[in-house]
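The values are calculated or read from the model by the stated rules, or taken from the named source; none is laboratory data. Since this is a predicted model, take the numbers as computed values, not measurements. Neighbour counts are summed over all protein chains in view; Cβ atoms, including those assigned to glycine, are modelled from backbone coordinates with ideal geometry. Note: areas computed on protein heavy atoms with side chains; ligands, DNA, RNA excluded. Shrake-Rupley method; radii C 1.70, N 1.55, O 1.52, S 1.80 Å.
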Amino acid sequence: MNRSTRSGLALVVALGTAAASILGAGPATAAARPGRHLLNGSQPRWLARAKATGGAPAAAESIPFGILLKLRDGASAEATLAKLSDPSSASYGQWLTTAQFKSRFAPAQTDVDAVRTWLQGQGFALRNTVGGMYVEASGSTAQINKVFGTTVKDYSYLGKTVHANSTELSLPDNTPTSVVGAVSGVLGIDQGQALKTPGDTLPGPDTGFRPGRPCSSYYGQKTATGQPASNGKKQPYVVCGYQPKQYQSAYGVSDLIKRGVDGRGITVAVTDAFASPTIVQDLKTYNKKHGLPAFGRQQFSQITPAPDGYDLIDECGGAGWYGEQTLDIEAVHSMAPGANIVYVGGADCSTGLDEAWAATIDNHVADIVTNSWGNGTDKVADLGADYIAFYQQFSLEAALTGITVDFSSGDNGDETKGGTQPALKTVDFPADLPYVTGVGGTSVGIDKNGKRVWEHGWQSAYSPLSTDGKSWGDAAYSSGGGGGTSILFEQPFYQRGIVPDSISKYFGATRMRTVPDIAMPGDPNTGFVVGQTQTFTDGTYYDEYRIGGTSLASPLLAGLQAVQGQKLHHPVGFANPAYYRRAGTAAITDIVAPKRPVQQVRVNFVNTEDKSGGLQYLLQTVDVQTTTIHSTRGYDAETGVGVPGPAFFK
């Protein structure tokens, strides 16, 4: 699609129905053969930006896929959620059980059975059924081509080789009416739209990484006296990465933890792709080193595929996901050391992760699900309606059944490269789903007493040190917490009257969903100390490094939500309406722009391990105000309504 167009971009997916419209013009599609039942919108929208490699999966190759079934009465489901999540409603917090959700809103069992029987009759193998809304299957390339009336080919897309159907999918003319009426879409055959990336902003920890030194143990500890001044003074070195107890103190949970309010009784699920083989030992070492309680019996568990059940390891960046998993678990445990944590690993970063995420919700594995990954904004315009509906339906089930779902909002601001390319403005998916909490990022200064001395939106610019070492060069935008206006979803009920029209109507007259909803620290220059087994030039062993991104913000918030749930004696459930209702109170601290520039000096090891390869010096400017999103009073597209405040746990 032409992403420079600022009008006509809204796609509103109606639950239980087909998409109302499509994001711009997609590739030309051929009609289904006479007599077949066309699945409109099923041809990948990204084909126009891809190149066929000339190859195709072998005819006998097994391809996993799934059939998404339509919800019953989606409008009623949304209306019910509005009542259950409204703090002023008499029904507030009376979440449905999974059984109640299935009996009222999930597809009828007769429809599920009909789809399963049909798939088996076509020769496909059944893998699983998730909540009656999604039937997992697999079949050979030849079977898929025949049954769905297409040709699966290999394509080069965004630097990856992926397979996809080359035409619209369709169902044979003899398909039972009950099946045709129940099918909402098919996922998994189109591999390109489903590839996801973790939300890191620093090099992947599969190879060794250490923060450059000098750096500080707390904000302002060390001043870069040997480096040029800026704004009339010498600036401090960035921290080496905040420790767990520094965040506990800064966000008001230290005293609660001492009184036993540490998240116990609440379960948090972390979803990612793959599974680190060293995670159990790494967690033991990390907890001991940082004074955190060891995991109790069955307090930490994992749901992962069989050892030989992983796929797309090269395409997904394999070991790079180990650092994401480690960060998420250590961050949650740091903020809620009494909470149970379940790691749910997808078989890959594509359909396998989609299915693992959905199963986590449908099986009610946890009270809170934190997700530090997403489809980058370079693919949002290419997402099919069936894929979007999949996430809408399962996130709606989560919200109705009292599960809090957090998604990192991304690490590239609003994709305009610091305001220099406004035509690219958009946000990440699935963080912009109406039924999840999109978590943005902040930069924070925590002093030697564990107090926040400043906190601003995370949008960073770096100035390089001049070759003679006497001055700083021009600042260039680097990264920042994702935020802005969705091109997919209309404004949800809880944002009405709070989000300014200047943000919600950015793309036209219709008010749209905006993100983030709330924020937590994400700036990698403040960051968090993570401990993990890594591979260095002198061997493979446990070491620690600083990392940030909204990959940090989401699990930090999940930990606070677990503590809040214990304090309230019930899980917090779908939290967005409460966050917007409490905006401007002591529960939510509004984040505003700094009155004068906040700057820090960052040192990088050029070889990522030690100073033997040389040092790089950068001057960071915090929350640069030249970007197209920045902190303002009230709701803004950088930090949402703000960050958890002193009354957050009440």
Residues of segment 119-158 being more than 24 Å from LEU47 (Cα to Cα), open to solvent by 20 Å² or more (accessible area, probe 1.4 Å) and not basic (Lys, Arg), which ones? GLN120, GLY121, GLN122, GLY123, ALA125, LEU126, ASN128, THR129
Odd one out for VAL365, checked against (1) open to solvent by 10 Å² or more (accessible area, probe 1.4 Å); (2) at pLDDT 95 or above; (3) over 19 Å from the mean Cα position of the chain (by Cα); (4) of a type in the set (A, V, I, L, M): (3)
All but one of (1) surrounded by fewer than 22 Cβ atoms within 10 Å (Cβ to Cβ); (2) touching a helix residue (DSSP H, G or I) at 6+ places or on another chain (Cβ under 6 Å); (3) within 26 Å of ILE403 (Cβ to Cβ) hold for GLN299; which doesn't? (2)
Subset of segment 102-115 that is of a type outside the set (Val, Ile, Thr) and over 31 Å from the mean Cα position of the chain (by Cα) - its residue that is surrounded by the fewest Cβ atoms within 10 Å (Cβ to Cβ): GLN109
Which of the residues spanning segment 479-535 are open to solvent by 50 Å² or more (accessible area, probe 1.4 Å), part of a strand (DSSP E or B) and farther than 30 Å from LEU292 by Cβ? GLU490
Residues (at pLDDT below 95, open to solvent by less than 40 Å² (accessible area, probe 1.4 Å) and part of a loop (DSSP other than H, G, I, E, B)) located in segment 92-101: GLY93
Being open to solvent by 30 Å² or more (accessible area, probe 1.4 Å), closer than 28 Å to LYS505 by Cα and either at pLDDT below 95 or outside any helix (DSSP H, G or I) (or both) narrows it down to one residue among PRO34, PRO27, PRO64; which is it? PRO27
With within 24 Å of the chain's Cα centre (by Cα), surrounded by fewer than 24 Cβ atoms within 10 Å (Cβ to Cβ), closer than 21 Å to ASN371 by Cα and touching a residue at least 24 places away in the same chain (Cβ under 8 Å) as the only criterion, which of ALA553, ALA562, ALA558, ALA578 stands out? ALA578
Do you know which of the residues in segment 423-473 that are of a type in the set (Asp, Glu) and part of a loop (DSSP other than H, G, I, E, B) is most open to solvent (accessible area, probe 1.4 Å)? ASP468
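Here is a yes/no grid of residues against (1) assigned to a helix (DSSP H, G or I); (2) under 17 Å from ILE518 (Cα atoms):
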residue: ARG546; (1), (2): no, no
residue: PRO555; (1), (2): yes, yes
residue: GLN561; (1), (2): yes, yes
residue: GLN566; (1), (2): yes, no
residue: PRO571; (1), (2): no, no
residue: ALA578; (1), (2): yes, yes
residue: VAL592; (1), (2): no, yes
residue: PRO597; (1), (2): no, no
Taking only pairs six or more apart or across chains, which ones have beta-carbon atoms under 8 Å, a first residue in segment 317-333 that is without any contact (Cβ under 8 Å) to a residue 60 or more places away in the chain, and a second residue that is of a type in the set (Gly, Ala, Ser)? GLN325/ALA275; GLN325/SER276; GLN325/GLY345
From GLY241, GLY192, GLY199, GLY263, residue being under 30 Å from VAL427 (Cα atoms) and modelled with pLDDT of 95 or more: GLY241
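Quick grid of which residues meet (1) of a type in the set (Val, Ile, Thr); (2) out of contact with any Pro (no Cβ under 9 Å at 6 or more places or on another chain):
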site	(1), (2)
ILE361	yes, yes
HIS364	no, yes
SER372	no, no
ALA381	no, yes
SER395	no, no
GLY402	no, no
THR416	yes, no
PRO434	no, no
Quick check on segment 207-215. Is at least one of its residues open to solvent by 20 Å² or more (accessible area, probe 1.4 Å), in a helix (DSSP H, G or I) and not hydrophobic (A, V, I, L, M, F, W, C)? no
Are any of the residues in segment 397-410 assigned to a loop (DSSP other than H, G, I, E, B) and at positive phi? yes
Taking only segment 375-407 into account, find how many residues are open to solvent by less than 10 Å² (accessible area, probe 1.4 Å) and under 11 Å from the mean Cα position of the chain (by Cα). 4
Here is a check on your reading of the model: is THR351 over 25 Å from GLY440 (Cα atoms), touching a Phe, Trp or Tyr at 6+ places or on another chain (Cβ under 9 Å), of a type in the set (S, T, N, Q) and touching a residue at least 60 places away in the same chain (Cβ under 8 Å)? yes
Would segment 83-98 turn up any residue that is touching a Ser or Thr at 6+ places or on another chain (Cβ under 6 Å) and closer than 25 Å to GLN193 by Cβ? no
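Results for (1) farther than 29 Å from TRP357 by Cβ; (2) touching a strand residue (DSSP E or B) at 6+ places or on another chain (Cβ under 6 Å); (3) not in a strand (DSSP E or B), shown as yes or no for each residue.
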position: SER184; (1), (2), (3): no, yes, no
position: TYR247; (1), (2), (3): no, no, yes
position: LEU283; (1), (2), (3): no, no, yes
position: TYR286; (1), (2), (3): no, yes, yes
Within segment 163-179, identify whether any single residue is within 27 Å of GLY320 (Cβ to Cβ) and within 33 Å of the chain's Cα centre (by Cα), and answer yes or no. yes
Here the qualifying pairs (Cβ atoms under 7 Å; residues six or more apart or on different chains; first in segment 155-181 and over 27 Å from ASP311 (Cβ atoms); second of a type in the set (Asp, Glu)) come out as SER178/ASP111
Just the residues that are surrounded by fewer than 18 Cβ atoms within 10 Å (Cβ to Cβ), modelled with pLDDT of 95 or more and over 26 Å from the mean Cα position of the chain (by Cα), please, taken from segment 614-650. GLY614, LEU615, GLN616, ALA647
